[in-house]
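Asker: Please read through the structure below; I'll follow up with questions.
The values are calculated or read from the model by the stated rules, or taken from the named source; none is laboratory data. Because the structure is predicted, anything quoted here is derived from the model rather than measured. Glycine also receives a Cβ, built like all others from the backbone with ideal geometry; neighbour counts cover every protein chain displayed.
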Amino acid sequence: MKKFNVIIALIFSSFIYSCQPSGPALEDRGIIPIPSQVSSSNGTFELMSSSAIQLVGDQASLSPIATYFADQVSQSTGFDIQVAETGNLVFELTGNNPSDESYQLEIEKEQVKITANSPAGIFYGVQTLLQVFPAEILSNERKSVAWLAPTGSITDSPEYGYRGAMLDVARHFIGMEDVKHFIDQMAHLKLNHFHLHLTDDQGWRIEIKSWPRLTEIGGSTEVGGGESGFFTQEDYQEIVRYAAERFITIVPEIDMPGHTNAALASYGELNPGINLPDGDLSTVNKPVHGSEIDFSSKMIIREPAELYTGTEVGFSTFDTDLDLTYQFIDDVVRELSEITPGPYIHIGGDESHVTRKDDYVVFVEKVQEIVQKYGKTSIGWDEIATAKLLSGNIAQFWADEENAGLAVGQGNKILMSPAKKAYLDMQYDSTSRIGLHWAAYIELDSAYLWDPASYASGISKSDIFGVEAPLWTETVENRADIEYLVFPRLAALAEVAWSPASTRDWVSFQARIKELGKSWENQGIDFYRTSKVNW
Ligand code: TNX
């Protein structure tokens, strides 16, 4: 009888124990990207109105992160969390190595401590901490929830130093508020480079003061002929600042020598004369599409091209023999470099189907020199590797393994954006309401299940500079469209970029993404509820 009582007592106490308000263990909190190491202990930390942040180390670099954290949680919790001499949220810089993005997060019952060797590391610790609290923490409405975090410790560092996303603001112009919203979400996923595709056939979206018609004319329309717009240099600098506060570097792209119709429509003196008759591709354009046009047999009439609002590509080119072309590019790169603190200028270089191959090579080599002259490193789509790349320049692999191989052969690194995996504009399946499918249908599992280091033959881990997920916007007009295509896939790509293959697991991701889904719901993000996840 006595023994029986003991057993009952044991069962009962373990039942009571399992009902403690500790909620899920740290491992089950749905952290994305998955950290290198997570260990749980038995307990909870509670964020309260009396919580305060204590900063240890350089105050100037830490206090903006404290403000960021306080802002992120203020609406949902109603707390006004301050920096104080002592506090139960400790952010401590343990070294001074800006390129070390690793961090440690220790959650104890009475204290949370984030330590790192750089402000970026502290910031990533903050992102993980935000994911550890209930998903309502990022809500922009007051929630009455106990703000509990399971205790334990996390050690974490990224696999790749360049973890990016790209937004094409040229095909459809995407305005400031939506760009900031995009940056906010990148930050939550520990992405650190934001590539802005600023120019294309359909639009020129960055003010260049020495060539004002680029935006007056070239920025006046978009795919489908909508009203569109452009960023003034002041707008652009605001984006740069907003991103920098989230440890994100802006990578601006001027796509050339192809994809330049908007520039050629703005300045006829740059136009070698392949005029596009009012969006009708059947006459002038089709015969030359995909072939090499012979300019010598054409009369070059330097007149502005027609503005273009269609979606076919490959018909436009700068005149690679013209001095004015390089004066123009020099002005553009100079002005852009002045307002771009990051080290990169993206020079495009894709799908220049009407530029002769040898002209293309000369052009890319000259443009790299210009970019270098202004102290920047060039990134270009994989085609640029058919030219001699300057040391340190980067080829962005999107379609052609052979091109990527040429870059590796020259000792240059590869930014991995394989269209079949990383393109956020691809439809999920044939029923997706927007998107393209020329590369593939990309469901969430497909976006998740690949490894940059073994994806393409001839490209190994040491050749890889990083991973980037581009969103092209031929079919994307507004925030709802962006959210539909970007979420949840950006989370999969962020984990591919941050977490080593050895820690990635689709079944675990399927479970963890549900928590992120709740967070997105709380933030009012209308993500795509793929059937691959039991939301
Ligand atoms: C190819 S990717 C392009 C873009 C299009 C995209 C659509 C690349 C370097 N060029 O111009 O927008 O496909 O998916």
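To keep it simple, each residue is scored yes or no on (1) in contact with a Lys or Arg (Cβ under 9 Å, 6 or more places away or on another chain); (2) within 12 Å of the ligand (Cβ to nearest atom); (3) over 21 Å from Pro33 (Cβ atoms).
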residue: Tyr423; (1), (2), (3): no, yes, no
residue: Asp429; (1), (2), (3): no, no, yes
residue: Ser432; (1), (2), (3): no, no, yes
residue: Leu436; (1), (2), (3): no, yes, yes
residue: Ile442; (1), (2), (3): yes, yes, no
residue: Asp445; (1), (2), (3): yes, no, no
residue: Ile459; (1), (2), (3): no, no, yes
residue: Ile464; (1), (2), (3): yes, no, no
residue: Leu471; (1), (2), (3): no, yes, no
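Asker: Output the residues belonging to the range 252-289 that are farther than 17 Å from Phe363 by Cβ, of a type in the set (Asp, Glu) and modelled with pLDDT of 50 or more.
Answerer: Across the range 252-289, the qualifying residue is only Glu269.
Asker: I would also like to ask the following. Within the bounds of the range 253-267, is there any residue that is surrounded by fewer than 24 Cβ atoms within 10 Å (Cβ to Cβ), under 27 Å from Phe318 (Cβ atoms) and of a type in the set (Asp, Glu)?
Answerer: no
Asker: Within the range 365-381, does at least one residue satisfy the condition of being within 13 Å of the ligand (Cβ to nearest atom) and surrounded by fewer than 24 Cβ atoms within 10 Å (Cβ to Cβ)?
Answerer: Among the residues of the range 365-381, not one is within 13 Å of the ligand (Cβ to nearest atom) and surrounded by fewer than 24 Cβ atoms within 10 Å (Cβ to Cβ), which makes the answer no.
Asker: Might you let me know whether the range 340-354 holds any residue that is in contact with a helix residue (DSSP H, G or I) (Cβ under 6 Å, 6 or more places away or on another chain) and more than 20 Å from Ala387 (Cα to Cα)?
Answerer: no
Asker: Any residue in the range 412-429 that's farther than 15 Å from Tyr162 by Cα: show its pairings with residues that are modelled with pLDDT under 95 at Cβ separation under 6 Å, as long as the two are six or more apart or on different chains.
Answerer: Taking only residues 6 or more apart or on different chains, the pairs are Ala419/Ala399.
Asker: Restricting the range 321-342 to residues that are within 23 Å of the chain's Cα centre (by Cα) and in contact (Cβ under 8 Å) with a residue 40 or more places away in the chain, which is nearest to Leu415 (Cα to Cα)? Don't jump to the end; show me each part of the working.
Answerer: The initial filter retains those residues of the range 321-342 that are within 23 Å of the chain's Cα centre (by Cα), namely 333, 336-342.
Subset that is in contact (Cβ under 8 Å) with a residue 40 or more places away in the chain: 333, 336, 339-342.
Numbers: Val333: 21, Leu336: 22, Ile339: 24, Thr340: 20, Pro341: 20, Gly342: 16 Å.
Checked the range 321-342; the qualifying residue nearest to Leu415 (Cα to Cα) is Gly342.
Asker: Looking at this structure, is Ile154 touching a Leu at 6+ places or on another chain (Cβ under 8 Å), of a type in the set (A, V, I, L, M, F, W, C), in contact (Cβ under 8 Å) with a residue 60 or more places away in the chain and not in a helix (DSSP H, G or I)?
Answerer: In short, yes.
Asker: If you don't mind, there's one more thing I want to ask. Of Met426, Met416, which residue is aliphatic (A, V, I, L, M) and under 28 Å from Gly342 (Cα atoms)? Step through it out loud before you land on a result.
Answerer: Numbers: Met426 fails: under 28 Å from Gly342 (Cα atoms).
Sole residue among the options that is aliphatic (A, V, I, L, M) and under 28 Å from Gly342 (Cα atoms): Met416.
Asker: If you don't mind, there's one more thing I want to ask. Filter the range 300-317 for residues that are more than 16 Å from the ligand (Cβ to nearest atom) and surrounded by 16 or more Cβ atoms within 10 Å (Cβ to Cβ); which is nearest to the chain's Cα centre (by Cα)?
Answerer: So, considering only residues that are more than 16 Å from the ligand (Cβ to nearest atom) and surrounded by 16 or more Cβ atoms within 10 Å (Cβ to Cβ), the one nearest to the chain's Cα centre (by Cα) is Leu307.
Yes/no matrix, rows are residues, columns are (1) in contact with a strand residue (DSSP E or B) (Cβ under 6 Å, 6 or more places away or on another chain); (2) within 16 Å of the ligand (Cβ to nearest atom); (3) acidic (Asp, Glu):
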| position | (1), (2), (3) |
| --- | --- |
| Phe230 | no, no, no |
| Gln233 | no, no, no |
| Ala244 | no, no, no |
| Ile250 | yes, no, no |
| Gly258 | no, yes, no |
| Asn261 | no, yes, no |
| Gly268 | no, no, no |
| Pro272 | no, no, no |
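Asker: For Phe79, indicate whether it is farther than 26 Å from Met186 by Cβ and of a type in the set (A, V, I, L, M, F, W, C).
Answerer: It is false that Phe79 is farther than 26 Å from Met186 by Cβ and of a type in the set (A, V, I, L, M, F, W, C).
Asker: Determine if the range 116-132 includes at least one residue that is at negative phi, part of a strand (DSSP E or B) and in contact with a Leu (Cβ under 9 Å, 6 or more places away or on another chain).
Answerer: Taking the range 116-132 as the starting set, the residues that turn out to be at negative phi are 116-132.
Adding the requirement that they be part of a strand (DSSP E or B) leaves 116.
Then drop every residue that is not in contact with a Leu (Cβ under 9 Å, 6 or more places away or on another chain), which leaves 116.
Yes, there is a match, as at least one residue in the range 116-132 is at negative phi, part of a strand (DSSP E or B) and in contact with a Leu (Cβ under 9 Å, 6 or more places away or on another chain).
Asker: Which of the following residues is under 12 Å from the mean Cα position of the chain (by Cα) and part of a loop (DSSP other than H, G, I, E, B): Leu167, Leu191? Give the steps one after another, and end with the answer.
Answerer: On the way: Leu167 fails: part of a loop (DSSP other than H, G, I, E, B).
Result of the check over Leu167, Leu191: Leu191.
Asker: Among the listed residues Leu324, Leu336, identify the single one that is assigned to a helix (DSSP H, G or I), surrounded by 14 or more Cβ atoms within 10 Å (Cβ to Cβ) and away from the ligand (no atom under 16 Å from the Cβ).
Answerer: Leu336
Asker: Can you name every one of the helices (runs of 4 or more DSSP H) wholly within the range 455-535 that holds 1 or more residues which are over 19 Å from Lys421 (Cβ atoms), more than 16 Å from the chain's Cα centre (by Cα) and touching a residue at least 40 places away in the same chain (Cβ under 8 Å)? Reasoning before the result, please.
Answerer: Working: elements: 479-486, 489-498, 506-522.
By residue number, 479-486, 506-522.
Asker: Restricting to the range 451-462, give me the number of residues that are under 14 Å from Glu495 (Cβ atoms) and surrounded by fewer than 19 Cβ atoms within 10 Å (Cβ to Cβ).
Answerer: Looking only at that region, the number is 1.
Asker: Name every residue in the range 94-113 that is more than 19 Å from Ser74 (Cβ to Cβ), outside any loop (DSSP other than H, G, I, E, B) and touching a helix residue (DSSP H, G or I) at 6+ places or on another chain (Cβ under 8 Å), in order of residue number. Talk me through it step by step, then tell me what you get.
Answerer: Within the range 94-113, the subset more than 19 Å from Ser74 (Cβ to Cβ) is 94-111, 113.
This time we only want the ones that are outside any loop (DSSP other than H, G, I, E, B), so: 103-107, 113.
Passing the criteria: Tyr103, Gln104, Leu105, Ile107.
Asker: Out of Phe69, Phe91, report the one residue that is in a strand (DSSP E or B), more than 19 Å from Val38 (Cβ to Cβ) and within 28 Å of the chain's Cα centre (by Cα).
Answerer: It is Phe91.
Asker: Something else now. For residues in the range 386-421 being in contact with a Pro (Cβ under 9 Å, 6 or more places away or on another chain) and part of a loop (DSSP other than H, G, I, E, B), which is nearest to the ligand (Cβ to nearest atom)?
Answerer: Among residues in the range 386-421 that are in contact with a Pro (Cβ under 9 Å, 6 or more places away or on another chain) and part of a loop (DSSP other than H, G, I, E, B), the one nearest to the ligand (Cβ to nearest atom) is Trp398.
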